[in-house]
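Trainee: Below: one structure in structure tokens.
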Amino acid sequence: MFISAARNIMAMEVTQVLLNAQSIDGAVRKNAEDSLKQFQEQNLPVFLVSLSGELANEEKPVETRKLAGLVLKNALDAKEQHRKFELVQRWLSLDGNAKSQIKACLLKTLTSLVSDARSTASQVIAKVAGIELPHKQWPELIGSLLSNVHQLPAQAKQATLETLGYLCEEVSPDVIDQDQVNKILTAVVQGMSSSEGNTDVRLAATRALYNALGFAQANFSNDMERDYIMRVVCEATLSPEVRIRQAAFECLVSISSTYYEKLAPYIQDIFNITAKAVREDEEPVALQAIEFWSSICDEEIDILEEYGGDFTGDSDIPCFYFIKQALPALVPMLLETLLKQEEDQDQDEGAWNIAMAGGTCLGLVARTVGDDIVPLVVPFIEENISKQDWRQREGATYAFGSILEGPSPEKLIPLVNVALTFMLSALTKDPNSHVKDTTAWTLGRIFEFLHGSVVDSPIISQANCQQIITVLLQSMKDTPNVAEKACGALYFLAQGYEEMGPSSPLTPFFQEIVQSLLTVTHREDAGESRLRTAAYETLNEVVRCSTDETAPLVLQLVPVIMMELHNTLEGQKLSSDEREKQSELQGLLCGCLQVIIQKLGASEPTKYVFMQYADQIMGLFLRVFACRSATVHEEAMLAIGALAYATGADFAKYMPEFYRYLEMGLQNFEEYQVCAVTVGVVGDISRALEEKIVPYCDSIMTQLLKNLSSNQLHRSVKPPIFSCFGDIALAVGEYFEKYLMWAMSALQSAAELSTHIAGDDELVEYTNSLRNGILEAYSGIFQGFKNSPKTQLLIPYAPHILQFLDGIYMEKDMDDVVMKTAIGVLGDLADTLGSHAGSMIQQSVSSKDFLNECLSSEDLMIKESAEWAKLAISRAISV
């Protein structure tokens, strides 16, 4: 009884409160939001029931119905994992009667005449289903939705199909049994067919199929069902309604990656449909048609990479070479798209159009088929590169730039040698900014893929080096978009000389290059087209790749960048927009100092001279922290890590002032990247300070253990925390005894979690990084306690560690990094514990099979670790 009484009171008020919550008047809005919050906290069941009633009530204004549905949806789902988990538990424990009323209202809303109400109800139903179906609740839902599809007015049919689509997005395929999957697919595919007269129904069905494709494994394995689905999708690409055509091509794109191995019978038809769409259809449809071929390229690139280039015959390799077969028709179609540029595409950062999609696809085709693409593209370049119309010159240049990754240097270098002089001239003399932009980009690609130690015959000689640099520095004065691409070209030019020994061809130009880049950072318009960022990234790369000859010039750069950073700190009251720009600039300057510190710290003579600046630099970093902005924290934190590494034990003098910022970083769960970077810096500082870090260890270890046990911290921060235990143990040696029990307990529970995993590639990758962190911790702890009288404290943990090593060996899914660390830990254990662990080691699988596998590894690092482990084990056993 009480529910209905409370509901009557609320029914009047809820409408008004929801209207007020959308008021232009801030105070009214705030008041309404507070009322909603209060009502939700005081009586959740009644609150949710009244929202669903509002959504279902045809007499209520559309804006309150929509907001009621949105508030309801937000009560079921959240972005943060831990919050989402809480909301799911809260719904599951809600009074059953209230849940039934809510669900009844939601289903009723699907027949509403108001499309916004229907669409909102669809989303909420899917959220509820996402919570309940995995718990075997609401079993009648799919049945009642399917019965809606076969009768009812068109708008209800449309809403029901939309709901089925959202539902497939929310739940995983194993939750719905095959019989129901078949019925859903039947309803969806029937709704898509050309016999369906209502456009909205057909569109909803096509979009629903897109979400349902992941459920259709069994159906795609059956020839008849697959033929039927493919026929309906291909027919929908010819619908008179542009949104249906676009949605149908989106389905084809999804099918191309999900069911690549089933496409052979349809590929010729799909080529004809996509070619027609690319040439004649509206842009949103044409873009999806090009995307289909980009997606096929992605699949084939992955397959060919996985199976290596050295397979014989076509026996087991699941590649159908669709791109190779389509080449003679596909490449001309893509080249045509390159001439459909938009006037202002270079200025707009998010621009995406047919020409850009076509060039991107051409680049993927080049990576898929290699040399075969070159003869198909060269005539297009030769024909258009000198034409009057800028579109033809730009298209030809774009085509050239797009095919530079994939084909062999032998095939490309003769072309580049011919083209280089022409392009350098175009970059300075072409009257059109688009052409210059693409020319600079293409030069960057030439230097990225065909210059440096990987290539036998260099394209850059003493003769043209000066010309290249002169042209690039000249172009940095051009419009921001061209200047940004010129910076990018210089970046790759510098990178290619990195491995070139003690002397670099860039040395004579070093001063001039650095000066030009600094000038770019001061341009009035450096904020456009990422220009300032690109200039600093290039400056960093030029410094990173410089040789000892230019070290004095790098030293001269230190006070210059320090002064720039100092200028950003001179306090004037800033607007939030200006503060964001200031913090971005501080981030760039800290990043630049980090590279300089690493460069100068790497050799003794320059390090000695650099140390005169250390106190001032640290002072600047501390002032940057005082500005308290997250992005700056991260860059300044990384730079401090580099400074600690360079200054070594002397860094101790900065700790009293710096420590509070370190702690702030470790507590920053919200911006977990900042937290992860800070954990890394704790490791850097431990290595630098060694036993001098002891006074700070209690609070660091307490905070790290707290971070590990929190379910609010992003999982990616946990592996670096374990590695950090190893760094600390290595730094403080037997003093680590007071944390040993806690650290080992955390390591043990994480190790158990990480042994058995079944999941997607992302999960396997994460698990391997977790294992690596755990192993680095064990390694640091063993090495830290070596030769100490307290070694025997570690003996009780040895059986579990050996079991962990055996466990991950048996799983057979570790990557090379983990393999190297794991075999190293086996060696550390034997080395530190000696005869105490001899018999335990002999009983483990790791000491035989795993060790032998590593000893015969092709990876030299793994092999070296294994040889050392073998020696340590034989010593431990022979005692």
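Trainee: For the pair Lys429 and Asp344, what calculated FRET efficiency results from E = 1/(1 + (r/R0)^6), where r is the Cβ-Cβ distance and R0 = 22 Å, to the nearest 0.05? Mind dumping the intermediate values first?
Mentor: Details: r = 22 Å, r/R0 = 1.02.
It comes to 0.50.
Trainee: Over the Cα atoms of the stretch 821-879, what Rg and Dmax result, in angstrom?
Mentor: Both quantities, over Cα of the stretch 821-879: 10.4, 32 Å.
Trainee: Let me ask another. Test of the criteria: in the stretch 325-391, which GluC sites (Glu not before Pro) are in a DSSP loop and have at most 10 other Cβ atoms within 10 angstrom of their Cβ?
Mentor: Working: sites: Glu336, Glu342, Glu343, Glu349, Glu382, Glu383; in loops: Glu342, Glu343, Glu349.
Loop-located and lightly packed - Glu343, Glu349.
Trainee: So, with +1 on the Cβ of K and R and -1 on the Cβ of D and E, and no other charges, what is the size of the charge dipole of the stretch 1-134 about its Cα centre, to the nearest 20 debye? Spell out each step's value before the answer.
Mentor: Details: 17 positive and 15 negative charges, 63 e Å.
With only Lys, Arg, Asp and Glu charged at Cβ, the dipole is about 300 debye.
Trainee: How much of Glu657 can a 1.4 Å solvent probe reach, expressed as accessible area in Å² and rounded to 10?
Mentor: Glu657 exposes around 120 Å² with every protein chain in place.
Trainee: If the convex hull of the alpha-carbon atoms of the stretch 347-452 is projected onto planes in all directions, what is the mean projected area in square nanometres? The partial results should precede the final answer.
Mentor: Values: hull surface 26.9 nm².
With the hull built on Cα positions only, its mean projection is 6.7 nm².
Trainee: Something else: Using just the helices of the chain, give the 222 nm mean residue ellipticity in deg cm²/dmol: DSSP H runs with n ≥ 4 each add -39,500 (n - 2.57), and the total is spread over all residues, rounded to 500.
Mentor: Values: 42 runs with 637 residues, N = 879.
Value at 222 nm, helices only: -24000 deg cm²/dmol.
Trainee: List the GluC sites (Glu not before Pro) within the stretch 819-879 that DSSP assigns to loop and that have no more than 14 neighbouring Cβ atoms inside 10 Å.
Mentor: Values: sites: Glu853, Glu858, Glu864, Glu867; in loops: Glu858.
Here the sparse-neighbourhood loop sites are Glu858.
Trainee: At a probe radius of 1.4 Å, what is the per-residue accessible area of Cys697, in Å² to the nearest 10?
Mentor: Spelled out: Cys697, probe radius 1.4 Å, area about 0 Å².
Trainee: Please work out the C-alpha center-to-center distance from the stretch 496-538 to the stretch 770-809 and express it in whole Å.
Mentor: 46 Å
Trainee: In nanometres, what is the gap between the two model label sites at Leu70 and Asp174, each 7 Å from Cα along Cα-to-Cβ?
Mentor: 3.6 nm
Trainee: Just to compare against my own numbers: the Cα pair-distance distribution for the chain, 20 Å bins, whole % per bin, please.
Mentor: Pair shares across the bins are 12, 31, 42, 15, 0.
Trainee: Then there's this: Leaving ligands, DNA and RNA out of it, report the carbon-plus-sulfur percent of the accessible area of the chain at a 1.4 Å probe. Kindly include the intermediate steps, with their values, before the conclusion.
Mentor: Working: 20450 of 39510 Å².
Carbon plus sulfur share of accessible area: 52 percent.
Trainee: Next question, about the same structure. Top to bottom by accessible area (1.4 Å), largest first, where do Met423, Met611 land? It would help to have the intermediate numbers written out before the result.
Mentor: Details: Met423 10, Met611 60 Å².
If we order Met423, Met611 from most to least accessible, we get Met611, Met423.
Trainee: Ok, one more. If R0 is 25 Å, what FRET efficiency do you get for Leu113 and Glu63 from their C-beta distance, rounded to 0.05?
Mentor: According to the calculation, E is roughly 0.95.
Trainee: Assign unit charges at the C-beta atoms only (+1 for Lys and Arg, -1 for Asp and Glu), then state the dipole size of the stretch 735-878 relative to its Cα centre in Debye, rounded to the nearest 20.
Mentor: Values: 10 positive and 20 negative charges, 191 e Å.
Here the size comes out at about 920 debye.
Trainee: Now, a different point. Going Cα to Cα from Lys157, which lysines come in below 25 Å? Please leave out same-chain ones fewer than 8 positions away.
Mentor: Leaving aside lysines fewer than 8 places away in the same chain, those within reach of Lys157 are Lys60, Lys66, Lys73, Lys99, Lys103, Lys108, Lys127, Lys183.
Trainee: In 10 Å bins starting at 0, how do the alpha-carbon pair distances of the stretch 735-878 split up by percent?
Mentor: The percentages, shortest bin first, are 12, 45, 35, 8, 0.
Trainee: Test of understanding: express the Cα radius of gyration of the stretch 1-138 as a ratio to 2.2 N^0.38 Å, with N the residue count.
Mentor: Values: Rg = 14.4 Å, N = 138, 2.2 N^0.38 = 14.3 Å.
The value comes to 1.01.
Trainee: As a test of reading the structure, rank Leu450, Leu555 by solvent-accessible area (1.4 Å probe, protein chains only), most first. Walk me through the numbers before you get to the answer.
Mentor: Values: Leu450 5, Leu555 25 Å².
Accessible-area ranking of Leu450, Leu555, largest first: Leu555, Leu450.
Trainee: Classify the stretch 413-552: rounded, prolate or oblate, from the alpha-carbon gyration tensor (a ≥ b ≥ c, eigenvalue square roots; a/c under 1.5 rounded; otherwise prolate if a/b is larger than b/c)?
Mentor: Values: a/c = 1.89, a/b = 1.11, b/c = 1.70.
In terms of gyration-tensor shape, oblate.
Trainee: Next question, about the same structure. Which trypsin sites (Lys or Arg not before Pro) in the stretch 736-819 pass both tests, a DSSP loop state and at most 13 other beta-carbon atoms within 10 Å? The partial results should precede the final answer.
Mentor: Numbers: sites: Lys738, Arg771, Lys786, Lys790, Lys812; in loops: Lys786, Lys812.
Sparse-neighbourhood loop trypsin sites (Lys or Arg not before Pro): Lys812.
Trainee: Roughly speaking, what is the centre-to-centre gap between the stretch 39-87 and the stretch 836-879 when only Cα atoms are used, to the nearest Å?
Mentor: Centre-to-centre distance over Cα atoms comes out at 60 Å.
Trainee: A further question follows. Any chance you could run the full-extension gain for His150 through Ser575? It's 0.36 nm times the residue separation minus the Cα-Cα distance, nm to one decimal. Show your work: numbers first, answer last.
Mentor: Numbers: separation 425, 0.36 × 425 = 153.00 nm, distance 5.86 nm.
Extra length from His150 to Ser575 when fully extended: 147.1 nm.
Trainee: From zero outward in steps of 10 Å, how is the percent of C-alpha pairs of the stretch 52-99 spread across the bins?
Mentor: Reading the bins upward from 0: 25, 40, 30, 5.
Trainee: Between Ala27 and Gln466, what is the spin-label point distance in nm, taking each point 7 Å from the Cα along the Cα→C-beta axis?
Mentor: Going from the Ala27 label point to the Gln466 one covers 7.5 nm.
Trainee: Shifting gears a bit: What whole number of Å gives the distance from the Cα centroid of the stretch 373-440 to the Cα centroid of the stretch 678-728?
Mentor: Centre-to-centre (Cα) distance: 51 Å.
Trainee: Give the cross-link partners of Lys653 among the lysines, using a straight C-alpha distance below 17 Å as the criterion and excluding same-chain residues fewer than 8 apart.
Mentor: Lys692
Trainee: Further, regarding this structure: Using Cα positions and a limit of under 12 Å, work out the aspartates and glutamates in reach of Lys863, with same-chain residues fewer than 8 apart set aside.
Mentor: Once the sequence-local aspartates and glutamates are set aside, what remains near Lys863 is Asp816, Glu853.
The values are calculated or read from the model by the stated rules, or taken from the named source; none is laboratory data. Since the structure is predicted, the reported quantities are computational estimates derived from the model, not experimental observations. Virtual Cβ from ideal backbone geometry, glycine too; neighbours counted across all protein chains shown. Surface accessibility is based on the protein's heavy atoms, side chains included, excluding ligands, DNA and RNA. Shrake-Rupley method; radii C 1.70, N 1.55, O 1.52, S 1.80 Å.
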